[in-house]
Amino acid sequence: MSVGEVDLLVAIPTYNNVGTVAQAIQAIEDSYQQNFVRDRVVILNVDGGSTDHTTETILNMNGRKAGVHRGITSLRTVHRVTTQYGRTPSQGMALRTVLAAADLLRARSCAIVSPSATLDSSWIANLLRPAYRQDFAFVAPLYSRTKFQGLLARNLLYPMSRAVFGLRIREMYSDEWGFSGRLATQCLDQNLWGDEAVRARPEAWMAVTAVCSGMKCCQSFLGPKAPPPTGSGPDIVETIRQTVGNLFWCFETFQEHWLDRSGTEAVPTFGSDHELTAEDAPPSQEKSFELFRTGVKQLDDILSSILRPDTLSQIRKIAGVEAGKFRFDSELWVRTLYEFAASYRRTVIARDHILQALVPLYRGQLYSFLQEHRASSLEEMEADSEALCLEFERQKPYLIERWKAKN
């Protein structure tokens, strides 16, 4: 309440980030000072129960950098507010706290960023400006990625969400995004915060809410996305449960919007549309093919309840091919995913079991992709990605058919 109304709000969710949070806060303040000198601003830290003095570090920062003291006036004051929303981290609860603050402060433009030491001050401005200056409701980030980075988004999340919802938003699942105060209030008022999909990955739900409400969405290029430290973050099983589970849930929740929609549209993009950079070699995936083959065999009964007989027959067939000749072609991959989505909707078995059954199939598709593109050029990889997107679009009528089917 002591902050009053603001123009801009940047939120930084934390959980035991004492080693990097000071650099991230400094980047936010730098962006405010460089780009929004006369605007009313606030930095909101929402913490999930840190025990390493993360919040104390934020509140005790002295506003100095390289020995230079900032001039402080009533228009340039940078407010820092920190609050703890729970004792365990939750992306959904963190976002709900941010939206409540944005609504209370009547913020016009907001951004959420990760507490990373590599956070650049230009990222803040790139996420805030579209909603602040040009009336966009949702601002998705775009990153510069290496050839073999972000493959779940490249081979599943982006092409599938693009085909279904009709907008070419590349990064719906990210640690950074921007949004308008109007979208914040609309999402805050929805009674969906108890759903696991929203609690786990709320950013894509927020994007789809904007799309299905007819609000303007855009993308803003940020720059290189640093890979997470080795061994950090959830494993592939948990990642698919959170992201693909959220995507299928969005299909169901917003089905009235997309069932009668065809084709896709580009969204306005600020900066580069995307960037791929070279990488010496693909990541090691020696075990992926065996995990795929073993999974298909062990989960045969479960897969038979999810997939159509002809689809499962083709998967069994390629599972019997030797590794050097293995190929999971895009037509089969798309049909498989659409059948998984339809089975998720009908809850043919427990939804969590459906998502877990997808994991070995994704491992097989990943192995196939890496084998095919081990020596591909950047242009060849991008052409292949676009071809996959078009295959998802071509088969969308099949998704609708299976979606409406009773069995």
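The set of residues from the stretch 370-384 being out of contact with any Phe, Trp or Tyr (no Cβ under 8 Å at 6 or more places or on another chain) and in a helix (DSSP H, G or I) comprises GLU372, LEU378, GLU379, GLU380, MET381, GLU382, ALA383, ASP384.
Residues of the stretch 296-323 being touching a residue at least 40 places away in the same chain (Cβ under 8 Å), buried (at least 18 other Cβ atoms within 10 Å of the Cβ) and in contact with a Ser or Thr (Cβ under 8 Å, 6 or more places away or on another chain), which ones? Those that are touching a residue at least 40 places away in the same chain (Cβ under 8 Å), buried (at least 18 other Cβ atoms within 10 Å of the Cβ) and in contact with a Ser or Thr (Cβ under 8 Å, 6 or more places away or on another chain): ILE306, ILE315.
Taken together, the criteria place PHE148 among residues that are surrounded by 18 or more Cβ atoms within 10 Å (Cβ to Cβ), out of contact with any Lys or Arg (no Cβ under 7 Å at 6 or more places or on another chain), closer than 27 Å to ARG363 by Cβ and of a type outside the set (Lys, Arg). When the test is whether a residue is out of contact with any Asp or Glu (no Cβ under 6 Å at 6 or more places or on another chain), of a type in the set (Gly, Ala, Ser) and not assigned by TED's automatic domain parsing to the domain that holds LEU332, ALA200 passes it. Looking across the stretch 280-339 at every residue that is modelled with pLDDT of 95 or more and of a type in the set (Lys, Arg), the one that is nearest to the chain's Cα centre (by Cα) is identified as ARG335. Do we find a residue being under 30 Å from ALA405 (Cα atoms) and touching a residue at least 24 places away in the same chain (Cβ under 8 Å) anywhere in the stretch 277-291? Within the stretch 277-291 (the criterion being under 30 Å from ALA405 (Cα atoms) and touching a residue at least 24 places away in the same chain (Cβ under 8 Å)), the answer is no, since none of the residues qualifies. Listed by first and then second residue, the pairs with beta-carbon distance under 7 Å, at least 6 apart or on different chains, first residue in the stretch 38-63 and surrounded by fewer than 20 Cβ atoms within 10 Å (Cβ to Cβ), second part of a loop (DSSP other than H, G, I, E, B) and of a type in the set (Lys, Arg), are GLY49/ARG87; GLY63/ARG70.
Considering the stretch 1-119, the qualifying strands (runs of 3 or more DSSP E), each wholly inside and each with 2 or more residues that are modelled with pLDDT of 95 or more, run over 8-14, 41-47, 109-112.
The values are calculated or read from the model by the stated rules, or taken from the named source; none is laboratory data. Source: prediction; values computed, not measured. As a convention, Cβ positions derive from the backbone with ideal geometry for all residues, glycine included, and neighbour counts pool all protein chains shown.
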